[in-house]
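Derivation of every value follows stated rules applied to the coordinates shown; laboratory data play no part. Because the structure is a prediction, the values reported are computed rather than measured. Methodologically, a virtual Cβ is constructed for each residue, glycine included, from the backbone with ideal geometry; neighbour enumeration extends over all protein chains shown.
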Amino acid sequence: MTTADLVFTRGPVFTADPARTRATSLAVVGERIAAVGHDEVRDLIGPGTEVVDLTGKLLLPGFQDAHIHAVSGGKELAECDLTGTVGVADYLERIREYADAHPEHTWITGGGWSMESFEGGMPTRQLLDSVVPDRPVLLSNRDHHGAWANSRALELAGLTADSPDPADGRIEREADGSPSGMLQEGAIGLVARLVPPTTAADRLAGLLRAQKLLHSLGITAWQDALLGSFGGMADPSESYLTAAGDGSLTARVTGALWWDRERGAEQIPELVSRREKCTSGRFRAGSVKIMQDGIAENFTAAMTTPYLDGCGCATGNSGLSFVDPEALRGYVTELDALDFQVHFHALGDRAVREALDALEAAIAANGRRGNRHHLAHLQVVHPDDLARFAALGAIANIQPLWAAHEPQMDELTIPFLGPERAAWQYPFGDLVRAGATLAAGSDWPVSSPDPIAGIHVAVNRRDPEATDDRVFYAEQRLDLTTALAAYTAGTAHVNGLDDTGSLRPGHLADLVVLDRDILTGPPEEIAEARVERTYVGGQLVHGA
């Protein structure tokens, strides 16, 4: 009888397999699961078997992230980091310290600041000038849909009161029309194009730095949501190919090739060529990312009705559709016929509807090809569109951490949506009840990549660090099993990794061990769990 290389005993084991949701033991031979069950699995223990006692701990499938920017996130870990605080004085002190520590840098870059820190979400160039007056500074906000620039950066970019806004963005302005230092969406690129490009070595280091962090959080696979050049960011594809080629890529990665929204169908043959090139080892790029709209906080998310102003009256602005909706139907139909998966950024209810309309057109033209298209973010979904996800086979790619009360939500979003539309935000429960398949991700470095934190918010609809008891639309809470499935089997489905995401014989041994059984503990304590071990293909990539 073949003995196992690795056996986990004394459960609990969460399998994410409907046929056997819970078990107590699991055995691994080579890179695959050999047995899942109870005491009978111990018969596979031999003299060379490593045995892991799970008493008091939980074994479950490795977490997967359905929407992340790993290379840029890893690169930003080495730049000016403004995360973890919302204090303007803290920001300025960190920026000053970083600039002083790096006199060799011709530009100061980084980010992670929160819009809630500034009146109206708008920082000023003068604040940055007070700490770095002599070198250009460009710092992304935490959602990366806006950036804060100092006067030197704006001057180098040639931006003045006479500079027009780009079609896909906005230069925020002072009373006389001069740029204020806040750049929205596509306007970021007017300055970012001048930032010295990162080197291939920088990007590879960022990938490996990110991979180490993600493995420590139990993540074994992900979908990188932007392979291409955009807004001054360099294409991370070569980093993945290098790491896949030399064996340093231990995660399984699906890449989403960037759809250049300033071009049309003429780019599709290039995407086909890139898909063929970007396939090596544990890396493949069979998805296309189409960013259909912006974000609600800066009023660029595409809505079916106008945003409100500070007095609660309708404005003339309903947000931006970055790709013409009629053209989108044709593009998606052609991509679907070529067996690309389409990965939409769809945040406002109009963008969600436009993406679903495009999928409906693709099905009408091509039939159902099983390409597992998915819509990410889904901040506002019109109730009329909930049932369309299941009908069209569109997967709901959710970022649960955002579904909570916080100042950016309470001060910069809800008042400008109005009470009815605000209640349509992040409708996870309604999507499940309407039959939709859920996948889950983080959008890191926009927000924390920690799946445990995301699961906590999906179940509780509260930030684990919140100081009050408010629940964000409690009727949209998920039960814990559904939330876990979104981060495992659901995202494995999106990523086309059909032999991962659940624990069953024959599947790859991508596994995570938590320090407690969150399935039996209080829901409000989920976020306290920590990852002890992470395995990819039976190999330990994090832990003891």
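Some observations on this one:
- Electrostatic tally near F63: other residues with Cβ closer than 11 Å to its Cβ, Lys and Arg +1, Asp and Glu -1, net -3.
- Residues whose amide H falls under 5 Å from that of V541, counting only those 5 or more places apart or on a different chain, are T534, Y535, V536, with hydrogens built in the peptide plane.
- The angle separating the long axis of helix 325-337 from the principal Cα axis of greatest extent in the chain is about 30 degrees.
- Between S130 and E420, the contour length at 0.36 nm per residue exceeds the alpha carbon distance by 100.2 nm.
- Convex hull of Cα atoms in the stretch 282-426, direction-averaged projection (nm²): 9.2
- Using alpha-carbon coordinates, inclination of helix 451-460 to the longest axis of the chain, degrees: 80
- Nonlocal amide H pairs with A439, under 5 Å, H built at 1.01 Å: A396, N397, I398
- Burial order of peptide ranges 431-443, 154-166, 410-422 (average beta-carbon count within 10 Å, highest first): 431-443, 410-422, 154-166
- Taking a ≥ b ≥ c as the square roots of the eigenvalues of the Cα gyration tensor, the stretch 112-203 is classed as rounded, since a/c falls below 1.5.
- Backbone HN-Hα couplings from phi across the stretch 189-202 [Karplus 6.51/-1.76/1.60, Hz, Gly and Pro as x]: x, 4, 9, 4, 5, 8, 5, x, x, 6, 8, 4, 5, 4
- A straight line joining the Cα centroids of the stretch 151-222 and the stretch 520-544 runs 34 Å.
- Angle of helix 349-366 to the longest C-alpha principal axis of the chain, folded into 0 to 90 degrees and rounded to 10: 60°.
- Fraction in percent of alpha-carbon pairs per bin - 20 Å, the chain: 22, 56, 21, 1, 0
- Near L478, the amide H atoms lying under 5 Å from its own belong to V459; only residues 5 or more places off or on other chains count, and H is placed 1.01 Å from N.
- Shape category assigned to the stretch 1-96 from the gyration tensor of Cα positions, a/c cut at 1.5: prolate
- Net +/- balance of residues flanking P12 in space, Cβ distance below 12 Å, scoring K and R +1, D and E -1: +3
- Going by neighbour counts of Cβ atoms within 10 Å, the residues K212, K75, K57 line up, fewest first, as K212, K57, K75.
- Cβ-derived FRET efficiency at R0 41 Å, D39 paired with S448, nearest 0.05: 0.60
- When M122, M291 are arranged by Cβ crowding within 10 Å, least crowded first, meaning fewest neighbours, the order is M122, M291.
- Put in line by how crowded their Cβ is, counting other Cβ atoms within 10 Å and starting with the fewest, C313, C278, C80 read C313, C278, C80.
- Convex hull per residue volume in Å³, alpha carbons only, for the stretch 239-319: 133
- Backbone N atoms of the stretch 30-64 closer than 19 Å to the 7 Å Cα→Cβ label point of T2 belong to residues 30-38, 40-51.
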